[in-house]
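For reference, the structure discussed in these notes is given below.
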Amino acid sequence: MAVTKKWWKEEVIYQIYPRSFQDSTGDGIGDIQGIISRLDHLKDLGIDIIWICPIYMSPNDDNGYDISDYYEIHPEFGTMADFDQLLDEVHSRGMRLIMDLVLNHSSDEHEWFEKSRASKDNPYRDYYFWKPGKNGGPPNNFNSIFGGSAWEYDEITDEYYLHLFTKKQPDLNWESDALRNEVYKIIRYWLEKGIDGFRMDVIPCISKRLEFADTELDDFNRVIEEVYANGPRVHEFINAMYEQVIKNYDVMTVGEGPGIKPHNCLLYIGEDRNELDFVFHLEHMFLGHGPLGKFDPIPFSWRDIKDIFQRWDDAIGESGWISIFLDNHDFPRMVSRFGNDQEYRVESAQLLALLILTLRGTPCIYQGSEIGMTNVHFDKIEDYRDIEVFNVQKEYLDRGMSPAEFLSLVHDNGRDNVRTPMQWDASAHGGFTNGTPWINVNPNYSTINVAREREKSNSIFGFYQEVLQYRKHHKTLVYGTYQEISTASDDLYVYQRVGEETLIIVLNHSNNQQKLEMDITDMHLDLQNRDNPNEAVLQPWEARLYRKKHKSS
Ligand code: GLC
């Protein structure tokens, strides 16, 4: 069977975190006009699809992932007219725009929730999950993904409501027919505007196990997979969104996939399923997370990463599709996590670029990766903004951890690492704002910024451009099969993509030289991130792409 051709397989996604991308008003918060002013940067880079994180009305408890009106743009980002202009400007440059759809939960300030909490017998009551307490405490032992109980007591009706995330993000009850109809209306509204699809936030969690039994599991990764995600009606609900609305539009849907694993992925993305086009699976993103989650780190290796990529590719084969990415707004900067953001920042950022642009799947580049932006190490916890940090901090300090130790965990794993403002140039606040940014700019902005990258030779930006252009002309990188090739050294990652041609990617993901033990007589070196005339030896973090020459050439 051949892989079906689709535009969303061939194109490349760029993720914008609007708060931190470009401010146009001086209020320190990125906005829609700011994005418009930077579209040429994305076009120039070679991007096709732009995913913007939520810009709807929101009290911003979780930076827009708590929506209080799905039909309004938050004034801090601009107006609906600004949005319409953005969509036009994206389309006129030949790019596409997808929105973030957050429908596992709403804000507690959404009018549905305000009505729902008012009395036990109002028509909105069953839009959310309300339960009486048990033995003077919450209905069960579920923990919120952001720390503390997943149930919040509400005095008005003397019951608890469920919130898998913060208490200002009550979970929506998809069992309600009326709620599902509201969902279809929201989806239709945005698709009618002409957007090109959705990224669906924590979509595997929308169907709950209604018995709400206590969980015995103490490994949080397993809790997510077996208790919070993959509920009994999840496929029915996703399929209904497709049948009721989405199938009538030429758009893409990509689901964020906590709890989706190789063994169940085809249920979500199998081409015969009419559910999602593809997913951002999180398996490699959860590497290094211990039983308590991201602030409970455990070691991991590149072997683990490679095994995950191979396992996923084997599971999907020609029957489904995934996205390939190494960071997003929820995880640390990829060059800091998987590369070497000190001595080999440029080389390792380029190597990771070649990796995400040549594995099988739709690449997604998070803002700032194209210039090798790094994690930030603020000295004071007060400089952080993420609600997750503050919720979890309380738990950890209560358990006896010192503030300094907690701060160092935040340095490595916190989400604000990727939420500091985009570094455009060496002027104040990296050219992000004329005012005071909502979160400080990474102090390294004077050396790491777009303007500088664009002037340099052998830049990270230039390498992204080169590989993105190459990918457009070599469809084997889209549709070809993937197979890892075993190597003598654990520090090399070698794989081939085979389609109309054979492409071999060789990555030295180490700080040491590595011998290339491969016969390259019939190969043409098409891409390389280092100026290294000695083909027999790979320099630290050197990345190459070889093409097998045709017999006749
Ligand atoms: C997803 C989002 C994350 C958000 C959470 C709750 O994981 O990516 O940023 O906090 O859902 O909506």
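Of note:
- Label point distance in nm, Ser457-Gln85, each placed 7 Å from Cα along Cα→Cβ: 4.1 nm
- Quotient of C-alpha Rg and 2.2 N^0.38 Å, computed over the chain: 0.96
- Axis of helix 177-193 versus longest Cα principal axis of the chain: the two differ by about 40°, to the nearest ten degrees.
- Helix 460-473 and the longest principal axis of the C-alpha atoms of the chain enclose an angle of approximately 90°.
- The helix-based estimate of mean residue ellipticity at 222 nm for the chain, built from -39,500 (n - 2.57) per DSSP H run of four or more residues and divided by its residue count, is -8000 deg cm²/dmol to the nearest 500.
- For the stretch 458-498: rounded, prolate or oblate by the Cα gyration tensor [a/c cutoff 1.5]: oblate
- DSSP-defined antiparallel bridges as percent of all bridges, the stretch 189-336, nearest 5: 20 percent
- Coil-residue trypsin sites (Lys or Arg not before Pro) of the stretch 3-111, DSSP, other Cβ within 10 Å capped at 10: Lys5
- Euclidean distance between Cα centres, the stretch 204-252 to the stretch 105-143, Å: 19 Å
- Based on the convex hull around the alpha carbon atoms, the stretch 481-549 presents an average projected area of 4.3 nm².
- Cross-linked pairs Lys168/Lys247; Lys261/Lys456; Lys115/Lys185: Cα-Cα separations exceed 30 Å for Lys168/Lys247; Lys261/Lys456.
- Theoretical gain in end-to-end length, Asn239 to Leu525 [0.36 nm per residue, Cα-Cα removed]: 98.5 nm
- The calculated pair-distance distribution of the stretch 99-246 uses every alpha carbon pair, bins of 5 angstrom beginning at 0, and gives 2, 9, 18, 23, 20, 15, 9, 4, 1, 0, 0 percent.
- Cα gyration tensor shape for the stretch 185-292, rounded if a/c is under 1.5, else prolate or oblate: prolate
- With coordinates expressed along the principal axes, the C-alpha atoms belonging to the stretch 214-349 extend over 52, 41, 27 Å, beginning with the largest.
Readers should treat all values here as calculations from the given coordinates under stated rules, not as data from a laboratory. The shown structure was predicted, so the numbers you read here are calculated from the model rather than taken from an experiment. Glycine gets a Cβ as well: all are built from the backbone with ideal geometry, and neighbour counts include every protein chain shown.
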